[in-house]
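All remarks here apply to the structure that follows.
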Amino acid sequence: MNYPALLPALVLLPLLLAAVTALVPRGLRRTAGAAAASTTGALGIGVVALIGGGSWELALAGWEAPLGITLRADGTSTAFLALVAVVGLAVTVYAAAEPSLAGGPDFWPLWLVLWAGLNGVVVAGDLFTIYVMLELVTIAAVALVALGGRSAAAPALRYLFVGVIGSLLFLLAVALVYAETGTLDLPQATAALEPGPVLTSILALTLLGMGAKMALFPLHAWLPVAHPAAPAAVSAVLSALVIKAGVIVLWRIWFGIADGTAAVQVLGVAAGIAGAVAVFWGGAMALRSSRLKPIVAYSTVAQVGYFAIVLSLADGSAAGWSGGVILVLAHGLAKAAMFLAAGTLAFAYGTDRLSQLHGAISHTPMTVAALAIAGISLAGLPPTFGFVAKWQLLVATIEQGEWWWIGVLLLGGLLTFGYTAAMVRATFNRPGDDEVPAPYPVPAILAVVPFILAIASVAFGVFSAGLVDLLAEDPTARGRP
């Protein structure tokens with residue numbers, strides 16, 4: 001069987017199902033949408049299982065480079081596809097269980113379009129397809145934010161503005177690549193680009209464009225307002241998956257074409273400094289916040305900082321590359337669990353203010369446990385997936401003699417532990433809590449889904465050795481895609 005022919009289905013199937021779901025009567029759309037999203041997730045997991053540790057490549061309709069549409073999947077692509085499938089299925093179950101949070105009829109077609117775009121970003125092998133898939137992700141994500149109601153209109157508009165600016169900057173980078181090399185195929189462009197001002201400009205435009213899309217400090221202002229304004233399931237998708245699209249594209253281009261010239265080194269240092277500031281600033285703002293969803297949103301700003309630091313730590317380091325990829329996966333699982341748990345608590349108590357959540361640890365222990373476990377993974381404590389990622393990054397720091405990053409990694413972990421402890425502490429019982437009315441009853445699945453994701457962030461940490469080896473053998477770990 002020609003298994004690579006399944007790669008286009010990762011994009012085309014959810015788009016087709018989105019169109020079908022949009023035509024279904026509104027009363028049946030939740031059932032149809034959940035079934036369509038589950039089918040998309042099953043396809044993603046099936047493709048991951050078939051690829052295994054190998055690699056696939058397909059030129060659509062036999063249209064080869066330099067201007068053809070190429071799809072590629074390797075070890076790193078497989079890991080990202082698995083993340084999208086696992087988190088996507090979890091969000092699907094969560095949204096279907098409580099329509100008032102995100103499972104309304106308008107949610108499902110948009111969710112399927114977004115899923116198609118995310119899959120496309122992961123497997124696209126040429127720059128124009130990457131650009132198109134990024135646009136698909138941005139448009140669908142903005143529309144999903146707007147589902148939060150009237151209060152979400154302004155955050156959605158701000159997100160749209162930043163997303164369009166990021167797309168234009170990246171499109172300029174794509175145009176420069178084509179003008180310089182005559183190809184849009186990423187490996188061919190990598191081989192053809194010569195060190196010089198054009199290459200530096202391409203990297204700078206990509207860094208700014210993707211920095212805006214992934215909310216890298218100081219281009220992050222849209223995230224702390226957009227993520228809390230969206231429904232819980234949408235917030236989970238935005239933080240766990242959508243910002244990763246920008247991260248993936250930035251890494252692929254950076255590690256594909258970056259050279260050792262002084263100008264590129266300056267760009268890398270600037271990205272690292274922005275990342276370090278993001279870690280501290282996002283962590284500090286999370287500690288100051290008095291509501292669950294803004295805390296988790298600012299936590300994302302902080303975690304994005306690590307993704308920028310990887311530009312320095314993964315330069316020629318297999319440990320740095322595997323640590324960066326695992327950090328993305330660990331963040332996706334933990335942040336999805338956090339946002340879904342926060343949404344469940346907000347629905348149960350009618351608010352996400354910390355001051356009004358006391359007693360939740362007794363009434364909704366599974367949800368609070370999910371919040372705590374996810375925070376521990378983000379902080380990088382053993383035996384979680386986050387610990388494996390931070391350990392690999394520490395190894396890369398020592399290998400390259402860049403000792404100052406150790407302080408950023410450790411202090412960032414302390415900040416993460418601090419605001420996680422603050423969230424959990426707010427749910428403790430207080431004197432007289434026996435007289436406080438119980439929270440509004442919510443479907444049990446709304447507690448189970450984030451708890452499973454949180455447990456997964458521990459299980460993958462315990463059984464991560466094979467993944468670390470797979471990523472270390474990826475050619476991208478040696479600086480070329």
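Data overview
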item: Probe 1.4 Å - accessible area at His227, Å² to nearest ten; result: 0
item: Gap separating the Cα centres of segment 105-135 and segment 231-299, nearest whole Å; result: 20
item: Label point distance in nm, Ser151-Ala421, each placed 7 Å from Cα along Cα→Cβ; result: 3.0
item: Sulfur and carbon atoms: percent of accessible area, segment 299-434 [1.4 Å]; result: 67
item: Cα-centre dipole for the chain with unit charges at Cβ (Lys and Arg positive, Asp and Glu negative), debye to 20; result: 1220
item: Segment 177-269 - Debye-derived log10 I(q)/I(0), Cα point model, q = 0.11, 0.14, 0.18, 0.24 Å⁻¹; result: -0.39, -0.59, -0.82, -1.16
item: Whole-angstrom Cα spans of segment 126-247 along principal axes, big to small; result: 49, 25, 20
item: Cut-off under 5 Å, modelled amide H: who pairs with Leu381 long-range; result: Phe387
item: Accessible area in the full protein assembly, largest first, 1.4 Å probe, for Arg430, Arg252, Arg291; result: Arg430, Arg291, Arg252
item: Ranked order, Arg288, Arg29 - accessible area, probe 1.4 Å, largest first; result: Arg288, Arg29
item: Amide H contacts of Ala124 (H built 1.01 Å from N, under 5 Å, at least 5 apart or other chain); result: Arg72
item: Cα shape, segment 315-375, gyration tensor, a/c 1.5 rule; result: prolate
item: Alpha-carbon Rg/Rh ratio, for the chain, with Rh computed the Kirkwood way; result: 0.96
item: Rg/Rh ratio calculated on Cα atoms of segment 112-181 (Kirkwood radius); result: 1.07
item: Contact order relative to length of the chain, as percent, for alpha carbon pairs under 8 angstrom and 6 or more apart; result: 15
item: Rounded, prolate or oblate (a/c below 1.5 giving rounded, otherwise prolate when a/b exceeds b/c) for segment 369-472 by Cα gyration tensor; result: oblate
item: Dipole of the chain [Lys/Arg +1, Asp/Glu -1 at C-beta], most positive-end residue of Ile45, Ala370, Leu394; result: Ala370
item: Which of Trp281, Trp391 is most accessible, then next, and so on - probe 1.4 Å; result: Trp391, Trp281
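The values are calculated or read from the model by the stated rules, or taken from the named source; none is laboratory data. Source: prediction; values computed, not measured. Note: ideal-geometry Cβ built from the backbone for every residue, glycine included; neighbour counts use all protein chains shown. Ligands, DNA and RNA are stripped out before the accessible areas are found, and what is left, the full protein with its side chains, is counted by its heavy atoms. Shrake-Rupley method; radii C 1.70, N 1.55, O 1.52, S 1.80 Å.
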